[in-house]
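K.L.:
Following this message is one structure expressed as structure tokens.
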């Protein structure tokens with residue numbers, strides 16, 4: 001059987017354009033389109049190379065899977081990004097959120113703390129780690145991380161944490177007390193943002 005021609009390697013400009021298109025679809029909530037286009041793109045993209053641009057591709061794919069609640073698919077994509085760039089703080093936070101969504105609290109804490117080793121100023125990692133320790137019942141650590149988060153720019157962190165809380169709340173393996181803890185955390189996050197705005 002004759003084989004078709006091998007796909008040409010795309011130029012950097014084409015790769016950048018394709019990933020920018022995926023990001024726009026992601027922002028518009030077209031998650032399944034991101035996944036479909038991403039796999040079409042990867043199929044004829046000889047760029048399974050180790051470049052920062054490739055990590056961006058995998059993070060887009062992972063976020064799309066996260067939003068359609070395919071947490072296994074999301075985890076695989078974030079892990080692909082981390083294989084390419086082990087210190088990718090964004091991928092660590094995203095994989096941590098995915099672990100959190102499946103009630104893998106220990107895995108989530110590990111990723112958020114790893115992200116903080118890369119960037120001690122990441123408010124998202126502090127807020128999410130605080131949330132995890134709260135779910136684990138460790139009030140002291142939860143408060144410590146929350147206090148550290150309060151000293152940072154928390155608005156984006158709270159937005160991301162709210163997405164994580166919503167995913168976790170409807171996920172498996174949570175006790176009623178953990179669900180109550182999540183609702184309390186959501187209220188506390190809103191207060192944190194309001195307080196920062198007054199500051």
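The values are calculated or read from the model by the stated rules, or taken from the named source; none is laboratory data. Just so it is clear, the model here is predicted, and its values are computed rather than measured. Note that each Cβ is placed from the backbone with ideal geometry, even for glycine, and that neighbours are counted across all protein chains shown.
K.L.:
Determine, yes or no, whether residue 96 is surrounded by fewer than 20 Cβ atoms within 10 Å (Cβ to Cβ) and closer than 22 Å to residue 167 by Cα.
P.N.:
Considered against the rule, which asks whether it is surrounded by fewer than 20 Cβ atoms within 10 Å (Cβ to Cβ) and closer than 22 Å to residue 167 by Cα, residue 96 comes out as no.
K.L.:
Would you be able to say whether some residue in the stretch 139-157 is within 13 Å of the chain's Cα centre (by Cα), in the same structural domain as residue 183 (by TED's automatic domain parsing) and buried (at least 19 other Cβ atoms within 10 Å of the Cβ)?
P.N.:
yes
K.L.:
Residues being more than 19 Å from residue 180 (Cβ to Cβ) and surrounded by fewer than 24 Cβ atoms within 10 Å (Cβ to Cβ): count how many of those fall in the stretch 100-138.
P.N.:
Result for the stretch 100-138: 16.
K.L.:
Sticking with this structure for a sec: Quick one: would you say residue 78 is under 10 Å from the mean Cα position of the chain (by Cα), free of Cβ contacts under 8 Å to residues at least 24 places away in the same chain, surrounded by 24 or more Cβ atoms within 10 Å (Cβ to Cβ) and in a helix (DSSP H, G or I)?
P.N.:
Answer is yes for this residue.
Matching residues to (1) touching a strand residue (DSSP E or B) at 6+ places or on another chain (Cβ under 9 Å); (2) assigned to a helix (DSSP H, G or I); (3) modelled with pLDDT of 95 or more; (4) more than 17 Å from residue 101 (Cα to Cα):
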| residue | (1), (2), (3), (4) |
| --- | --- |
| 26 | no, yes, no, yes |
| 38 | no, yes, no, yes |
| 45 | no, no, no, yes |
| 48 | no, no, no, yes |
| 54 | no, yes, no, yes |
| 57 | no, yes, no, yes |
| 63 | no, yes, no, no |
| 66 | no, yes, no, no |
| 73 | no, yes, yes, no |
